[in-house]
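Undergrad: Next up is a structure, given as structure tokens.
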Amino acid sequence: MTYTDSMRRAFHSVGHFKPKGLEAVLVDNEHFLVLRVSERSFMRLADEDKRRAVEYMARAKKALEDNGAVVLLVREGGKEQ
């Protein structure tokens, strides 16, 4: 899969939902895209910003999928139980 200009525009169109302090990286993993979010940065957000972060991730995933991408949401960091 190639990260296209339409995917780039769609991803950036939802950027205003991303709360300040949330560390999120979009990675092209050849067959799919990965939206990797730092658990540490997420846990440091205030309650309302955590809700905005979840909305941002859902909107970013949908925007990319609407443009033909296969998207995996991944948290990075934290302890595994």
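Nothing in this text is a laboratory measurement; each read-out follows from the coordinates by a stated rule. If you're wondering where the values come from, they're calculated on a predicted model, not measured in any experiment. As a convention, Cβ positions derive from the backbone with ideal geometry for all residues, glycine included, and neighbour counts pool all protein chains shown.
Undergrad: Dipole of the chain, Cα-centred, from +1 at each Lys and Arg C-beta and -1 at each Asp and Glu C-beta, to the nearest 20 debye?
TA: Using only the charged Cβ atoms, the result is roughly 260 debye.
Undergrad: Can I ask one more? Using 0.36 nm per residue, how much length does the chain from Val27 to Asp66 gain when fully extended, once their Cα-Cα distance is taken away?
TA: So the extension gain works out to 12.3 nm.
Undergrad: Using all C-alpha to C-alpha distances in the chain, build P(r) with 5 Å bins and read off the rounded percent in each one.
TA: 3, 16, 26, 24, 16, 10, 4, 0
Undergrad: Run the simple label-point estimate for Lys20 and Asp5 please: 7 Å along Cα→C-beta, distance reported in nm.
TA: Distance between label points: 3.3 nm.
Undergrad: Count of lysine pairs in the chain with Cα atoms under 20 Å apart, counting only pairs 8 or more residues apart in sequence or on different chains?
TA: 8
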